1. Just going by the charge dipole of the protein assembly as shown, with Lys and Arg at +1 and Asp and Glu at -1 on Cβ, which of A:V187, B:L60, B:A269 is farthest out on the positive end?
2. B plus A alone minus the pair: what accessible area, both sides summed, probe 1.4 Å, in Å² to 100?
3. Could I get the Rg over Rh figure for the protein assembly as shown? Both from C-alpha atoms, Rh via Kirkwood, rounded to two places.
4. Counting only protein chains, not ligands or nucleic acids, how are B:W116, A:W14 ordered by accessible area (probe 1.4 Å), most first?
5. Per residue, how much accessible area does chain A show when a 1.4 Å probe rolls over the protein heavy atoms, in square angstrom?
6. With a 1.4 Å probe and every protein chain left in place, tell me how much accessible area A:E89 has, in Å² to the nearest 10.
7. Only Cα pairs under 8 Å and at least 6 apart count here; give the relative contact order of segment B:16-271 as a rounded whole percent.
8. Mean shadow of segment B:16-271, computed from the convex hull of its alpha carbons, in nm²?
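The values are calculated or read from the model by the stated rules, or taken from the named source; none is laboratory data. Keep in mind the model is a prediction, meaning the values are calculated, not measured. Backbone-built Cβ (ideal geometry, glycine too); neighbour counts: all protein chains shown. Note: areas computed on protein heavy atoms with side chains; ligands, DNA, RNA excluded. Shrake-Rupley method; radii C 1.70, N 1.55, O 1.52, S 1.80 Å.
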Amino acid sequence: MSDPIIAVEHLNMWYGRVTALNDVSLTTPPGISGLLGPNGAGKTSFMRILVGLMRPSGGAVTVLGDDPWNNTAHNLRTGYCPEHDGFHEWMSGREFLTWMLRLRGRMREDARHGAAEALDRVRLQDAADRPIGTYSRGMRQRLKIAQAVSHDARLLFLDEPLTGTDPLVRLELIELIRSFGREGRSVLVSSHVLHEIEALTTNIVLFHRGRLVACGDVHEIRSLIDRHPHLVSVRTTRARDLAAALLRDESVSEVSFPRESEILVRTRRPDDFYARLPKVALELECSVEELSSPDDNLEAVFRYLTEK
Amino acid sequence: MTLVRAFYVGLLRRVPPVKTRAAVALVEFTIRRVFSGKRISATLLLLMVAPAVAGALAALGASRPGVAPFFDQLTFHLSLHITLVLTAMVYGVALTSSEIEDGTAGYLFLTACPRWQVALAHVLVVSPILAILTGASIALTYAAATLSPAGAPMAGPVVILADTLIAWIALTAYLAFFVFCGYAFKRNLAISVGTMLVWEFLLPMIPTKFATLTVTLNTRVLWLYLAQQGERGRWFRHLTGVDLPNYGQASMFLSVVVALFLTLAMITAMNRSVIGREAA
């Protein structure tokens, strides 16, 4: 068996009196691993500790054999795509990537070349010279991923890379992340949507309220989760038409309209629903602007799981 | 001879190591950030106040006597005291806590540059740029003053150069302090502004020996020696019970302040966790 890429022992993280991570111990094998949990589960804190942005309150962390805290060599071997958009909005995507590569020690020409390659990889060439402030959510996600992979990192940390993207971009990003795995890179990708993680890997780590709930093969917990109804929020231009079409599908048990352009769909078969949605949208020729699974939904699933 | 030439050619062609290339990029990236965003607009606006006031004064009070000293006061009180503190605060906070908050600092901390280098660059790269801008502002103030036929002081390049040099020293001290606060405290703006008010604005008004322990007073002493031939004159008439430090003491004090806060800024940068927005 190969050495674990991440090894964590008795990891604790506190923000004042709030416990973000509580005695987490785990190892992850090479390849793609999924980090799953609702908001506030500790996923972002965990990732930030692994990339070296945060120092844990207690415990030991080893990533690719090294302690990540204040370790510039570790920074060159790993790439991080943060959840939140934090960019110098006045910069163009190309300029941002070129600077990031130069700050990682590349020569000027080499950095320009690497930036062009990364932009090509995430299909952002057309918008490369526009200020980042004008980018859409999907473009910003792709730029963050480009930044994480541009320096040929061996290990990628992708924090909620699919959040807020439309189904088409989502499919593209899922394929992109899979391609990183095929290239031999290891990836730790976080999400609060099981379906997204499942599309990427079978190896998952489940967090809930700062504790490690489960770690291993997704199929073992999948059947448990399937029994719980899922809630999916869809933002679209033709909410009523899409809702009518979705209701004809057996996987959908209930539809409601919290806002004019938003549908809240309750389903007991999320796989079928996620597979059916792009087809229905295509048939109706309506655009799906955003797809998300409300956190309270996953929170309920986790409560259900932890109570079992 | 051939060997010597081969040595230099080899030296020039040598590819610098990753850390050196990253450090060079950090300097360039810091310069790029100085001239971008709202911070540069705010700074230019601040720096234009003194020349604008001087210009207006020259135009309005052209024939009145006693206008001339006011131009020196503008340089002395506004450009070399208030503006310096404010511009240092704008950059010190913008480059540290603001970037941590908006998430851009995270990218910088995940490069080949150690965090102490980032903090060092924030002080040592930004201060000379701001000093040159301040120097330009002072030159413009005097240029505007020359419009007054009442007899404005002719500053001359030496005095403007001395002012720029003093601005550089003071900016380095203030920036080191603000960068330290930006990395050390969560409520850094309140803490740094509060400290600055007490330390730099209130303390020099009080006739105690502690008044000599301010950056402002010591930079003014340097200014007296470099630009005013060391004459105390009207510049410190409010400080009746205080023995002014001499040039050597002022230099020593400012060196200690710069070294202290620069070291503290680097140490705090090395120990600062960049937490997510949810946690914040």
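1. Result: B:L60, furthest along the dipole toward the positive end.
2. Roughly 3200 Å² of accessible surface disappears when B and A pair.
3. On the way: Rg = 29.5 Å, Rh = 27.3 Å.
That ratio equals 1.08.
4. Details: B:W116 100, A:W14 120 Å².
Sorted descending by solvent-accessible area, the residues read A:W14, B:W116.
5. On the way: 13000 Å² over 308 residues.
Using a 1.4 Å probe on heavy atoms only, each residue of chain A averages 42 Å².
6. 70
7. Details: 313 pairs, mean separation 62.6, N = 256.
Normalised by residue count, the contact order of segment B:16-271 is 24 percent.
8. Values: hull surface 58.0 nm².
So the Cα hull casts an average projection of 14.5 nm².
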